[in-house]
1. Please state which one of B:L418, B:L375 is open to solvent by less than 20 Å² (accessible area, probe 1.4 Å) and not in a loop (DSSP other than H, G, I, E, B).
2. Just checking, which of B:L167, B:L126, B:L95 is in contact with a helix residue (DSSP H, G or I) (Cβ under 8 Å, 6 or more places away or on another chain) and modelled with pLDDT of 85 or more?
3. Can you name every residue in segment A:5-29 that is at pLDDT 80 or above and open to solvent by 80 Å² or more (accessible area, probe 1.4 Å)?
4. Any idea how many residues of segment B:402-424 are under 22 Å from B:G232 (Cβ atoms) and either within 12 Å of chain A (Cβ to nearest Cβ) or among the charged types (D, E, K, R) (or both)?
5. Report yes if some residue within segment B:429-448 is facing another protein chain (nearest Cβ under 7 Å), in a loop (DSSP other than H, G, I, E, B) and in contact with a Pro (Cβ under 7 Å, 6 or more places away or on another chain); otherwise report no.
6. Sort out for me the strands (runs of 3 or more DSSP E) sitting completely within segment A:10-100 that have 2 or more residues that are over 30 Å from B:Q400 (Cα atoms).
7. Regarding segment B:293-307, can at least one residue be identified that is more than 14 Å from chain A (Cβ to nearest Cβ), crowded, with 19+ Cβ neighbours inside 10 Å, out of contact with any strand residue (DSSP E or B) (no Cβ under 6 Å at 6 or more places or on another chain) and not in a strand (DSSP E or B)?
8. Restricting attention to segment B:124-160, report how many residues are open to solvent by 20 Å² or more (accessible area, probe 1.4 Å), part of a strand (DSSP E or B) and over 23 Å from B:N341 (Cβ atoms).
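The values are calculated or read from the model by the stated rules, or taken from the named source; none is laboratory data. Since we're looking at a predicted model, the values are computed, not measured. No Cβ is skipped: glycine too gets one built from the backbone with ideal geometry, and neighbour counts run over all protein chains shown. Side chains included, ligands, DNA and RNA excluded: accessible areas come from the protein's heavy atoms. Shrake-Rupley method; radii C 1.70, N 1.55, O 1.52, S 1.80 Å.
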Amino acid sequence: MESYTKILDDVCDPLTVHKFAEMSSLSRKDAISALEKYVEAKQEPVWALYEVSGVVDSNEYPFLPAGEKILKHVVVPGSALDETKKAFEEVISTCLHSIQRTNPKETRVYGRSWADNDDLKGKTLPVQVKPKKTVETPIEVRKEKSAEPEQKPSTSSTSNAKTDAKKSTIVPLKKQANISSMFSKKKVAEKEKLESPPPAEPEKKTRKRPKTEIDETEEPMEVVEEERTPEKKTPSRHSDDDLPSSREQSVEKEKSPPAKRQKKAVNDENKKAKRRLIVPESDEEEEEEIKKPKNARTELNKEEKSMKPEERRRTTRIEKVVETYVDEDGYLVSKEVQKAVECSPQKASPEKPKAKVITAPIPGAAKVPKKNATITSFFKKA
Amino acid sequence: MAAPWSNTLNYKNVSDRYILTEEDKKGAFARQYFEIYEARVKELKPRILENAERVIGKGKFKHVLLSDAKQDEEIFITGVIVKRVLARPSILKSLLSEDKVAYDDVDDEEDDVKRYAGSSEDRIELESEKQTVRLEGAISMEDCATGCCVGVLGKLGKEGVFHVSRLVWPAANVTKKATTEGTLVFISGLDLSGDTEQDRLTISGLEFMSDWMNTNGEENQCPSIDRVVMIGPFVETKSNGCDVQSVVRTLTLSRPERQSSAKSLITVDKLISSISEKLLVNTVDVTPAVGDPCSSMWPLPPIHRVCLPRCGMNEKKVNLVTNPYEFEVDGLRIMTMSGENVTELLRTSHKWSGADVLSNLVKWQHIAPNCPDTLDAFPIADRDPLVMSSTPHVIICGNQPQAEVRRISVDGTDTSCLLVCLPKFSKTRVACFLDLSDLSLKWQNFDHQF
């Protein structure tokens, strides 16, 4: 008993008979008797909760039919034991349930952390017997994954080209300095187009402004951007001679909706402003980085130049795309918007279509949404 | 030293028909629901005719198609019942009328199920292979439900109304009841939200019950429990509800998001695994309900073991099963269901109670005739898994507002069926202990406020 008193003296939180029996390797009867003796010896400030089991009438339970008997098990403090027993038609058993040093109303006997996976650390689910198909998928996934980085550089460069192309459709006024180079490139492009045989060229020439100007601005803009990057370092190179004429600006404005253009201009300006901020910090690294996309772009330009002029003209097209976004007021808004979408240049080149990579979700690697904890976050924790 | 685990009763899981096969899933996205009804009629029509021969007499009725029926000639036709209830809520109606919330919010504190208001314009129709006809006569709204397969003896009237003289339901197949000894425990509706304060009483009650199951002796009076069947929903379904209000809110983006599902699932996993480790408990069967982390289309598949990893590690003692769940112990066939089918059927009548619906299901020989009308069902083509191929000896239905017990005799047989409606544990802290020797029930309440 003395050894148990040492254990029990340290008890503050609720200790059930079951836990005490496990800790002290006693039977339930012996554990109950030991605890009862301890409670009698200490009296206050030890709180004892008793478990009363008995038969009760269904009057207390509206969900039960009248006259039905129910076996009730209730846990009450020692002070309320006698009153509780009177409510039973027949008391079957009374025994000690748990002891604690804190007020039972302020603590929980079964209080423990329920919503965490600490006990699962280091444990894994046993392997289930699965069909062969599931075994092959990780290898295929790996192969596809290994294939992905090979594609990435080209796609990234093309995507950069595309994004740059998109940005280049609306030229802000501040970047007028670079548009002068567009005139020289146009002449080169026009020469190349004159060399091509189709008779529709004059029509195209006449119609170039609403359509082809968008196409044509891509090519020179790519080159212009290559020239821009060194110009960023030396802004003094910008001169008034590079300012575009008002005609070109007005034509560009007529093509696309004004609201969007403003936004894009703002976005472009912000992005370009960010670029300018980055430049003075680490010039050498950027030079290398600039060279790499330059090379990629020059390669692309070569490829595009080697293509037929018709195919070059058809690299982009205006498509109506439905954009959905959440408004300031929280409304989901969907708008039909005209966007310049590049036709895949891969159509000209004999490339295989990209295989759709369906990767099996890896447990623990799923993205967890920041706002709401979903079942995927549960996998991540495990 | 802990005794090695073993079941005391011979157990057999007979829920194979509720598991979706690859053939069922193939092409399911493009499948329409009429194929379920066709399969249902195909399976139940021979049993209706068999029962008609027993009830009416062999050769004493003329079975024809409705399209071949002649006026004022007594014929026997078969088909599917359609109950036209005007007050029945419709998602399309509420969306067309631009009512984001067309109906009053369902008060979860109320025990009673909200029932559709009756109208004098409500009517019953019978859809046969090619035609639909209105039924009148010896049939009332309380006799049937939409989706029931029935045989009708009567005459086709002048106004295109079929006057019913007798209804014939499918014949029941019942296996011989075996006598055995043992105790099974049934619990339904934990509804854990993941918030410890909100779930305090439920967790305390369940832990108290599992502690009580861990001791044996005269003082305790806890018998040796062969199986504890835990019926869902285990997680709170307020945010995952499939009722009309929840669906309308989802479609109109006005449903608030809840964060409780992951924490509540961990809590459920811990509670179930702790019960399974008790000395007096042999096995715990976990059957899901609508709102639990599994498909919400009936029949519900088992919860994946990845969602309950502790239970998954304890495969021998924790059995993840389907809903409905059917099993045999020493020849005694028991079926459990989560109760959405019964709750939806209760809405269509002001007179039915849970036990009335269960006895109707035995009569109609179908677990959920309102699938897929008011209860989401998986579009299966060649079969209807919810047809009662064999009538069980015990049917346990969880999540009911009232606790009920009823014994009914199965029509056309000498056997009886015990029907039990189980209330939610989250509201009542009541578990049902079934003594298999005499099929007697004990309701036990575990009240732990501390």
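1. So the residue among B:L418, B:L375 that is open to solvent by less than 20 Å² (accessible area, probe 1.4 Å) and not in a loop (DSSP other than H, G, I, E, B) is B:L418.
2. B:L126
3. Within segment A:5-29, A:K19, A:E22, A:M23, A:S25, A:K29 qualify.
4. Residues flagged as under 22 Å from B:G232 (Cβ atoms) and either within 12 Å of chain A (Cβ to nearest Cβ) or among the charged types (D, E, K, R) (or both) within segment B:402-424 amount to 8.
5. No, there is no match, as no residue in segment B:429-448 is facing another protein chain (nearest Cβ under 7 Å), in a loop (DSSP other than H, G, I, E, B) and in contact with a Pro (Cβ under 7 Å, 6 or more places away or on another chain).
6. A:47-57, A:90-100
7. yes
8. 6
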